[in-house]
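Working notes, beginning with the structure itself.
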């Protein structure tokens, strides 16, 4: 928490532990081991049921849209790159770069989530694959939905970490920092949710009437409240992010960012496995 | 370890609990209710686990007595068939998840950090969170007794499709599912913490091969929990999805396969068996050397046997499923691995015998329980190997022979070792000692009662009496065995009553003891009893295995070393203590509310209501949990410094 540690910090060795591995890093590795078993069981369920389809189950190939999923997989991979840059930035005590990398990671994570929302909507309403009407729907939505929850938790964590970088160094001298903190969270969540809704709205509009100016005008009219809300919350975010004295977030917090990074990369790797065995396998 | 003080996290609150703002208030009460709700001290959390476990142990015991009462004579009507189903479901669930596991966790918490020379676990607040989540799960599982839904009644394994909505409607099973889910979260969180502690917080010189065996078994058990519980988590998620949202995981008409539940359950369930017994093996490996006045015979072999039991434990689950028609290959493979896992277990038995061989045996109460453990656990092991032979098992399957077997390993094994552990460490925990007469009396009554209860069940089982059937006819030839067994159960109940009566008496009025009353060998006995909040005034430097024994025989050398290290530590600001925190407790409250929303509140049948009472309660609980965890991370892992007077010298 404090930055009174003297001298250079060795980010790969913590002298206070028996092994030199920081406690938090060890905890995260152990948790990920547990999570491996968790996803292992879920993916196995899907693979087992895939081999025994009852009559009448739609074929996965007729449902999936491999182009969209390839795109979102690529985006998620790129978010891992930005996450790695974020860890690197804070280890060099570069706050500006850290914030930019975190925001990009969040942005990419949200694109992935948006693609999933679009995909789920498409499957349910266009392809008529629901979680209850077939075993494919059951295993597919449960597995990818659980992964989506992991990504959402990761985005939430990244967001809180980003906001944490604005906490003043001496909070006792700044009694209103906590209120600002809460406002920051609310504004950020509003931005994410409204942004996603708007983008999905545009996509839906273009699907319905094609990409032309008339569609956009129609859209601006239909989503006026959302547009207004998004503009206000983005403005709030800008205002809350303005420089305001020294912050209590530096190199010593690198381990917190790194721990989060481990989680994010893991969720990414799980998606690569899911993309391979749930999607690509169907096209062999 | 002196470097721990220089850790950047630690320099935040220099000897003060400075309020940064209202939400980041750190409680400082050292006595009273608030101090227990906000405690992060591993010893206090150990007590909380212990008290809860003993309470649920008594609840489970009463359930067992009711079961035995019902089976005492043929065509009995003490319980209805439904009540009987509830009893055997809740007896097993309670004893496994709410009695034996938390009692083991109590010892992990209290003893393990002391044995490795640490001042607390790696994540003190996470440790508190584990306990409160455990309690939330325990409450949810037992809530059905007080509601009109009744208690869960699908067995502790809740096999699909019996446990699906079609065959078990109502909220009782939802509560079971949610409760076990929470207990899993609590166990995994606690285990991550224990592994981190053992790997990272060992005192200088405490190499892995110098760890006391109990600590080693804690490590193996924690790994088992971390890797085995996700399987039941997924199984429960799938069952919950089926029950709440109508998915098809176990819905045969839509392609679901109930056998999947059985596999997932036992992928967890068999490692769980070792989760229950390995801590006990660790306790026995502490007690036998102390009362034989010899080091443990073949320490590395005991450790590696424990670890290989852990590994093999993941490869034997299908021996619970020999009768499901897996095919010759699968059956043969699992029969083989099951026989293989008996080898390291047998090796340990020989090591314990080797430890006692030629020792100066002191027959004190903990030693009696430890010897009872070896004898009874061996009997349970023999019948276990009999199950490993698949053809024989298909005859014994689902009979009382199996019931006799696992009570020999769970009571004769786990419970005897835990009772031994309570006796053994009671002086360290409370500074008082149980009278030898009453201790030994309770041992003999429990030993007698236990064997009278469960030995006849072997024969009743081989004569074909099926498990989980609420009554039987008089002409089956099972009458005598069942009556003897019921009488035995009440003797066992009497023994347990004596045991706990004596414990409670001793807690208030027992004979006070000095430090290290057993002349023991491991580090925890170097502490005054009860140990101070900070455990070690000076973090010990470990020279050998059984380091306390070494200290007792190299007093001058160790005293000089302690003085030197003590001065170094004082120069770094003194003993660092973590602040207490209320947020683990409030997070537990949030989890409890959320679980009630999911499992207890009725869904609104009107599809137009988007946020009904069910979703609302769940969201409120989730919100409380998320806010608590966020504030918990905001307040940070800061602490304060202590400068205790030299109190150790006087005790």
Of the criteria (1) surrounded by fewer than 18 Cβ atoms within 10 Å (Cβ to Cβ); (2) assigned to a helix (DSSP H, G or I); (3) touching a strand residue (DSSP E or B) at 6+ places or on another chain (Cβ under 7 Å), which one residue B:461 fails = (1)
key: Restricting segment B:232-246 to residues that are modelled with pLDDT of 95 or more and facing chain A (nearest Cβ under 8 Å), the residue that is nearest to the chain's Cα centre (by Cα)   = B:233
inquiry  = I'd like the full set of residues that are surrounded by fewer than 18 Cβ atoms within 10 Å (Cβ to Cβ) and touching a residue at least 12 places away in the same chain (Cβ under 8 Å), limited to segment A:37-51.
reply    = A:47
task = Could you please find all residues in segment B:1-60 being in a loop (DSSP other than H, G, I, E, B), surrounded by 20 or more Cβ atoms within 10 Å (Cβ to Cβ) and at pLDDT 85 or above?
result = B:38, B:39, B:40, B:41
note = Given (1) outside any helix (DSSP H, G or I); (2) surrounded by 18 or more Cβ atoms within 10 Å (Cβ to Cβ), residue B:469 misses just (2)
query = Going by the conditions given, is residue A:39 out of contact with any helix residue (DSSP H, G or I) (no Cβ under 6 Å at 6 or more places or on another chain), modelled with pLDDT of 95 or more and either within 9 Å of chain B (Cβ to nearest Cβ) or more than 29 Å from residue B:251 (Cα to Cα) (or both)?
reply = no
task = Just need a number here: residues in segment A:166-181 that are surrounded by fewer than 19 Cβ atoms within 10 Å (Cβ to Cβ), more than 10 Å from chain B (Cβ to nearest Cβ) and under 22 Å from residue B:626 (Cα atoms).
result = 1
request  = Please find, among B:455, B:490, B:416, B:508, the residue that is under 23 Å from residue B:49 (Cα atoms) and surrounded by fewer than 21 Cβ atoms within 10 Å (Cβ to Cβ).
outcome  = B:508
Test result for residue B:154, more than 9 Å from chain A (Cβ to nearest Cβ) and crowded, with 21+ Cβ neighbours inside 10 Å = no
key: In segment A:142-152, residue farthest from residue A:108 (Cα to Cα) [restricted to those that are within 11 Å of chain B (Cβ to nearest Cβ) and touching a helix residue (DSSP H, G or I) at 6+ places or on another chain (Cβ under 7 Å)]   = A:142
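Quick one: which of A:228, A:237, A:189 is away from chain B (no Cβ under 14 Å) and under 21 Å from residue B:630 (Cα atoms)? Quick ask: steps written out before the conclusion?
Values: A:228 fails: under 21 Å from residue B:630 (Cα atoms); A:189 fails: away from chain B (no Cβ under 14 Å).
Being away from chain B (no Cβ under 14 Å) and under 21 Å from residue B:630 (Cα atoms) holds for just one of A:228, A:237, A:189, which is A:237.
Tell me which residues, restricted to segment A:14-39, are under 17 Å from residue B:261 (Cα atoms) and over 21 Å from the mean Cα position of the chain (by Cα).
A:37 - this is the single residue of segment A:14-39 that is under 17 Å from residue B:261 (Cα atoms) and over 21 Å from the mean Cα position of the chain (by Cα).
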query = Residues in segment B:291-303: is at least one closer than 24 Å to residue A:42 by Cα and at pLDDT 95 or above?
reply = no
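Look through segment A:45-66, keep the residues that are in a loop (DSSP other than H, G, I, E, B) and within 7 Å of chain B (Cβ to nearest Cβ), and return whichever of them is nearest to residue A:121 (Cα to Cα). Working first, answer last.
The initial filter retains those residues of segment A:45-66 that are in a loop (DSSP other than H, G, I, E, B), namely A:52-59, A:64-65.
Within this subset, residues satisfying the condition of being within 7 Å of chain B (Cβ to nearest Cβ) are A:52-54, A:57.
Details: A:52: 26, A:53: 23, A:54: 24, A:57: 19 Å.
If we take residues in segment A:45-66 being in a loop (DSSP other than H, G, I, E, B) and within 7 Å of chain B (Cβ to nearest Cβ), then A:57 is nearest to residue A:121 (Cα to Cα).
State yes or no: is residue A:30 within 24 Å of residue A:119 (Cβ to Cβ), at the interface with chain B (Cβ under 9 Å from one of its Cβ atoms) and at pLDDT 95 or above? Quick ask: steps written out before the conclusion?
Values: within 24 Å of residue A:119 (Cβ to Cβ): no; at the interface with chain B (Cβ under 9 Å from one of its Cβ atoms): yes; at pLDDT 95 or above: yes.
No: the conditions fail for residue A:30.
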query = Do we have residue B:84 as surrounded by 22 or more Cβ atoms within 10 Å (Cβ to Cβ) and touching a residue at least 24 places away in the same chain (Cβ under 8 Å) here?
reply = no
Number of positions in segment A:8-17 that are facing another protein chain (nearest Cβ under 7 Å) and buried (at least 19 other Cβ atoms within 10 Å of the Cβ) = 2
Subset tally (residues that are surrounded by fewer than 24 Cβ atoms within 10 Å (Cβ to Cβ), part of a helix (DSSP H, G or I) and either more than 9 Å from chain A (Cβ to nearest Cβ) or without any contact (Cβ under 8 Å) to a residue 40 or more places away in the chain (or both)) for segment B:196-219 = 4
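The values are calculated or read from the model by the stated rules, or taken from the named source; none is laboratory data. It should be emphasised that the depicted structure is a prediction, and the values quoted were computed from it without experimental measurement. Virtual Cβ from ideal backbone geometry, glycine too; neighbours counted across all protein chains shown.
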